[in-house]
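As structure tokens, the structure follows; a few thoughts come after it.
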Amino acid sequence: MEQAIIDLVEGGLEDPAWEGLIYVMGWHDLPRFVPLFVGRTERRGIRRQVSENIRSIRTNTSAFARWGDNIDYHIGDLSHALFRFKAYRAPKRPYERWAATLFESPGSTRLVQPVSLYVVPWYTYSKGPSGNVCSVQQVTQELIGLAYTQFAGTLLNVRRG
């Protein structure tokens, strides 16, 4: 998985039309796929041309395209919630839900069932499920909305507003 994401990011950074990555974590293969989480990592950062989440992707495991092992990134926050290790803050509630959904019991490394991660590069000309060209932010929201229509009980995205 790591090498595939590194290749997608490094290849994307060479293409000016590349906006980032869309990822969908879930159970089962198509056509029975059940989405658990929809997210993105963007090319552009808040303060820099390249986001800290993907800068130095080959060596920066703390951020690693939002799947990093540091607190405030998916693997780090999930580990924090699952193993209750000491950190500067308590585990975030959404990741406690991730841990309860994905693993057999607190502190267990046994998954309830295998988990897949689909990762797709997104470009300025890419079309979302609606058939319209849209940004990486817009397609993420569109995908989350679609997932909620059929999988609200298992979707781990935090619903806003």
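Brief remarks follow.
- Centre-to-centre, using Cα atoms only, the stretch 120-134 and the stretch 10-52 are separated by 12 Å.
- For the stretch 73-161, the square roots of the Cα gyration tensor eigenvalues, ordered a ≥ b ≥ c, give a/c of at least 1.5 with a/b greater than b/c, which places it in the prolate category.
- Between residue 60 and residue 92, the C-beta separation translates, for a Förster distance of 25 Å, into a calculated FRET efficiency of about 0.70.
- Annotation note: trypsin sites (Lys or Arg not before Pro) in the stretch 20-95 located in DSSP loop regions with a Cβ neighbour count of at most 16 within 10 Å are 32, 44, 47, 48, 55, 58, 84, 86, 89, 92.
- Spin-label pair residue 141/residue 30, simplified geometry with 7 Å Cα→Cβ offset, distance in nm: 2.6 nm
- About the centre of its Cα atoms, the stretch 2-151 shows a dipole size close to 520 debye [charges on the beta carbon of Lys, Arg (+1) and Asp, Glu (-1) only; nearest 20 debye].
- Over the chain: Kirkwood hydrodynamic radius from C-alpha pairwise inverse distances, Å: 16.6 Å
- For the stretch 1-47, a crude dipole built from +1 on the beta carbon of Lys and Arg and -1 on the beta carbon of Asp and Glu, taken about the Cα centre, is about 300 debye to the nearest 20.
- Under-5 Å amide H pairs with residue 134, H placed in peptide plane, nonlocal only: 126, 128
- Comparing 146, 82, 102 in a Gaussian network model of the chain where C-alpha atoms under 10 Å apart are linked, the largest mean-square fluctuation is found at 146.
- When the chain is treated as a GNM with alpha-carbon contacts under 10 Å, the residue of 114, 16, 31 showing the greatest mean-square fluctuation is 31.
- Helix-only arithmetic for the chain: the sum of -39500 (n - 2.57) across DSSP H runs with n ≥ 4, divided by the residue total, places the mean residue ellipticity at 222 nm at -9500 deg cm²/dmol.
- Among the chymotrypsin sites (Phe, Trp or Tyr not before Pro) found in the stretch 63-161, those both in a DSSP coil and sparsely packed, with 15 or fewer other Cβ atoms within 10 Å of their Cβ, are 85, 88, 125.
- Simple spin-label estimate for residue 159 and residue 108 gives 2.7 nm between the two label positions (7 Å along the Cα-to-Cβ direction from each Cα).
- Anisotropy class of the stretch 17-96 from Cα gyration tensor, a/c 1.5 cut: oblate
- Mean Cα-pair separation over length for the chain, i.e. relative contact order, pairs under 8 Å, 6 or more apart, %: 26 percent
- Residue range of the chain that is longest and free of GluC sites (Glu not before Pro) which are both DSSP loop and sparsely packed (at most 14 other C-beta within 10 Å): 105-161
Read-outs: derived from the displayed coordinates by stated rules, not from any lab. Everything numeric in this text was worked out from a predicted model, so none of it was measured. With ideal geometry, Cβ positions are generated from the backbone for all residues, glycine too; neighbour counts draw on all protein chains shown.
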